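Report on the structure given below.
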Amino acid sequence: MRLIPKSGLALLGALLLAPAVWAEDLAVIVANEFYDNQPRVADTRRIVELERNFRAAGFEVLRINNSKAFLSDDETAQVWTRMNRAEHLAIILSGHFTTANEESVLLHTDSRTANPFTMGQSGLSVNAFLNLAWRNAGQSVVAIASSEDNLTLGPGMNAGYSVRNIPQGVTLLVAKPAALSRFISTYLLRPGTSIAQALRQAGDEVKGYGYLPPSLPFYSGTGTPLPQTPDNGDFDERRLWQQVSAQNTVAAYQLYLNRYPNGQFAQSARAQIDELQLTPQDRARLVEEALNLDRNQRRAIQRNLTLIGFDTAGVDGILGRRSRQAIAGWQKSIGLLPTSFLNANQIAQIETAGAARAEQLRREAERRRAEQERQDRNYWGQTGVNGSEAGLRRYLQRYPEGLFSAEAINRLKQIEREQRRLAQAEERRAWDQAVMTGTLDSYVAYLNAYPNGRFVDEAKARAQSLQNPETPQDLIDAAEQEENRLNLDGFSRRLIEGQLRALNYDPGPADGKFTKETRRALRKYQRANSMTVTGYVTKQTIVQLLASGLNR
C-alpha cells in the first residue's frame with residue numbers, strides 16, 4: 001500500500017473535489033532557495049525568471065517562493081483549484097528533494113530533519129503533483145530542478161527524487177536549475193516543438209521520463225504568430241530584429257534572443273522585455289521615482305495622509321513600510337489600484353483632501369477655543385475678579401492654565417505671604433514641611449494639626465488637586481509611552497514647538513527639547529481642543545497641530 005504524505009493528500013483532495021469552471025494555460029512555479037537547515041540552492045533565480053517566459057507564451061503563472069510548512073489547506077486549495085481548471089499545465093519544482101519508499105517531497109525551506117513517518121509535514125509531495133498533472137494527461141509537464149548536495153537527512157531518507165510510478169500521459173523533466181530554465185525558455189516554449197524534439201536539441205543536460213510524444217508539441221503558440229527563424233544559415237539578423245521590433249512583444253524579443261543570445265541587438269531586446277514585463281507596481285514606482293521628491297515634499301505627503309485618516313507612523317520624510325501601507329490604503333479607498341506609489345496627480349489629490357480636512361479641523365478648533373475663552377472669562381468674573389482666596393482657588397481648579405491663571409497665582413502668592421507673616425512660627429514650619437513633602441498625606445497632616453490655621457484653604461486646595469487630578473496618572477503614563485513610540489526626531493519636535501508658539505501657546509525656545517514650558521503649552525493646547533490633557537505628544541495632538549499648521 002502506497003502512502004501519500006499529509007500535505008500531498010490535502011493538495012490532491014482539494015483539486016479532485018474542485019469543479020472545473022474555465023480553461024487556461026497555467027504554470028505553477030515553486031522556487032525554494034534559502035533553507036533554514038540546508039544549503040542554499042544555487043541558480044534559483046533562473047527558475048524564478050521563467051515566469052516571464054511563461055507569461056510571454058500566454059500562460060497564467062502562480063509562483064511560490066521559499067515555501068513554508070505552515071501553508072494552510074485553504075491556501076493550497078486555491079492554488080490547486082486553478083490547476084484543476086488548466087488546459088495546458090506546467091509544474092516547475094525547484095529546491096532540495098528527499099525520498100523514502102518511492103515517495104518524494106520538495107522540502108519546505110523551514111523543514112527540520114525528516115524521517116519516513118514525518119516527511120509529509122516536511123515538504124510538498126511530488127507524487128501529488130504528478131497525480132494532479134495526470135488530470136491533464138497529454139497536456140501536462142512536471143519539471144524538477146534538483147539540488148541535493150550535502151543535505152542533512154534523518155534515518156531512512158535519501159537525497160533526490162523518485163522517477164517511478166509516473167502516471168500515464170504525464171511528462172517528467174529533470175535537470176539542474178540553470179539547465180532546466182534554459183531548456184524551457186529555449187526549446188519547450190518554442191511553438192510547434194514536441195517534447196521529444198526539445199530533449200534531442202537540449203542534449204544530455206535534461207532528462208525526460210514518462211510521456212515523450214515525438215511529434216505533438218506541448219506549446220502551439222497563441223496570439224500573433226512570431227517571426228520565423230529558418231536554420232539555413234542565411235537568415236539576416238537585422239531583418240529578424242526589424243520584424244520583432246515591429247511586433248514589440250515579449251515572445252518576439254525572446255525569440256530573437258534564443259536565436260542570437262549575443263547578437264548586436266541582444267541588450268536592446270532584454271531591455272524591451274524588462275519594460276514590457278513591468279508590473280503595475282513597478283511602473284508606479286518608476287513614475288514616483290521620476291518625480292524626484294525631496295524630503296520636505298515627502299513630509300507633506302505624510303502630513304496630509306495623516307490628516308485624512310491614513311496613519312504613516314510619523315512625519316519624517318521617509319516613505320517606509322507604514323507610509324507605503326497608508327498610501328495603498330488611500331488609493332484603495334478611492335478606487336485606485338493600491339500600488340503604494342504615487343504620481344503627481346495623486347499627490348495633488350492628497351494635498352487637496354488634506355487641506356480640506358485641515359480647514360475643517362481648524363474651524364472646529366477655533367469654535368472650541370472661542371467657546372472655552374468665553375466660559376473662562378465668565379467664570380473669572382464669577383470667582384476671581386473680586387480677589388478672594390476661595391474664589392481664586394475655584395478659578396484655578398477649573399482653569400489651571402486659563403486666561404487669568406497667572407494673575408490668580410500671583411494674587412494667591414501675595415495672600416500666602418501675608419498669611420505667613422501673621423502665622424505663628426510653629427505653624428509656618430509645619431506648613432513649609434507639608435509643601436516640601438508635597439503629598440496628600442502631608443497636607444492632611446497639616447489640616448489635622450491646624451484645622452483653623454492660616455494655610456487651611458491652600459492645604460485643602462492642594463489636597464483636592466492630588467486626590468482628584470484633572471487627568472488620571474495612568475492616562476498620562478500611556479500618553480508618555482505613546483510619545484516615546486512616535487520616536488520624534490529633532491525636526492519634528494521643533495515643528496511642534498514652532499506651531500505651539502504660532503498659536504500663542506508659549507512653549508519656550510524652539511530647540512527640539514520638550515521643557516517644562518513645552519509641557520505646559522501642550523496641556524493648554526490639549527485642553528483648548530477638548531483632548532485628554534497630558535502634556536505629551538500623541539497622534540491626536542499631531543493631527544490637530546498639522547491641521548492648524550496647514551491653515552496658517
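The values are calculated or read from the model by the stated rules, or taken from the named source; none is laboratory data. Remember, it's a predicted structure, so these values are computed and weren't measured experimentally. Note: ideal-geometry Cβ built from the backbone for every residue, glycine included; neighbour counts use all protein chains shown.
Okay, here's what the table says:
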quantity: Test result for residue 206, of a type in the set (A, V, I, L, M, F, W, C), closer than 24 Å to residue 101 by Cβ and surrounded by 17 or more Cβ atoms within 10 Å (Cβ to Cβ); calculated: no
quantity: Matching residues in the stretch 465-523 - criterion: being within 29 Å of the chain's Cα centre (by Cα) and not charged (D, E, K, R); calculated: 478, 479, 481, 484, 486, 487, 488, 490, 491, 492, 495, 496
quantity: Answer residue from the stretch 498-520, given it is part of a helix (DSSP H, G or I) and touching a residue at least 24 places away in the same chain (Cβ under 8 Å) and is nearest to residue 472 (Cα to Cα) among those; calculated: 520
quantity: Within the stretch 156-167, considering residues that are of a type in the set (A, V, I, L, M) and within 24 Å of residue 39 (Cβ to Cβ), the one surrounded by the most Cβ atoms within 10 Å (Cβ to Cβ); calculated: 157
quantity: Some residue of the stretch 251-258 being exposed (fewer than 14 other Cβ atoms within 10 Å of the Cβ) and free of Cβ contacts under 8 Å to residues at least 24 places away in the same chain; calculated: no
quantity: Helices (runs of 4 or more DSSP H) contained entirely in the stretch 319-419, each with at least 2 residues that are under 26 Å from residue 466 (Cα atoms); calculated: 344-383, 389-398
quantity: Selection within the stretch 118-141 - farther than 28 Å from residue 155 by Cβ, crowded, with 19+ Cβ neighbours inside 10 Å and among the aliphatic types (A, V, I, L, M); calculated: 132, 133, 141
quantity: The stretch 282-303, residues that are of a type in the set (Gly, Ala, Ser) and at pLDDT below 85; calculated: none
quantity: The stretch 75-111 - residue that is at pLDDT 80 or above and in contact with a Lys or Arg (Cβ under 6 Å, 6 or more places away or on another chain) and, of those, farthest from residue 60 (Cα to Cα); calculated: 110
quantity: Test: residue 390 is over 22 Å from residue 517 (Cβ atoms) and hydrophobic (A, V, I, L, M, F, W, C); calculated: yes
quantity: All positions within the stretch 168-193 that are crowded, with 16+ Cβ neighbours inside 10 Å and at pLDDT below 80; calculated: 169, 193
quantity: Members of the stretch 93-111 that are in a strand (DSSP E or B) and within 17 Å of residue 67 (Cβ to Cβ); calculated: 93, 94, 95, 97, 98, 104, 105, 106, 107
quantity: Residue in the stretch 420-433 that is nearest to residue 383 (Cα to Cα), counting only those that are part of a helix (DSSP H, G or I) and not hydrophobic (A, V, I, L, M, F, W, C); calculated: 420
quantity: Failed condition for residue 370, given (1) at pLDDT below 90; (2) among the aliphatic types (A, V, I, L, M); (3) under 19 Å from the mean Cα position of the chain (by Cα); calculated: (3)
quantity: Lone qualifier among 440, 545, 522 - being at pLDDT below 85 and buried (at least 18 other Cβ atoms within 10 Å of the Cβ); calculated: 545
quantity: Number of positions in the stretch 313-337 that are on the phi < 0 side of the Ramachandran plot and buried (at least 17 other Cβ atoms within 10 Å of the Cβ); calculated: 9
quantity: Residue, surrounded by the fewest Cβ atoms within 10 Å (Cβ to Cβ), within the stretch 467-494, restricted to residues that are touching a Lys or Arg at 6+ places or on another chain (Cβ under 9 Å) and among the hydrophobic types (A, V, I, L, M, F, W, C); calculated: 491
quantity: Residue in the stretch 261-281 that is basic (Lys, Arg), modelled with pLDDT under 85 and either over 25 Å from residue 88 (Cα atoms) or over 39 Å from the mean Cα position of the chain (by Cα) (or both) present; calculated: no
quantity: Residue ID - surrounded by the most Cβ atoms within 10 Å (Cβ to Cβ), chosen from residues in the stretch 20-34 that are in a loop (DSSP other than H, G, I, E, B) and modelled with pLDDT of 85 or more; calculated: 32
quantity: Matching residues in the stretch 446-466 - criterion: being surrounded by fewer than 19 Cβ atoms within 10 Å (Cβ to Cβ), under 22 Å from residue 413 (Cα atoms) and without any contact (Cβ under 8 Å) to a residue 40 or more places away in the chain; calculated: 447, 451, 452, 456, 460, 466
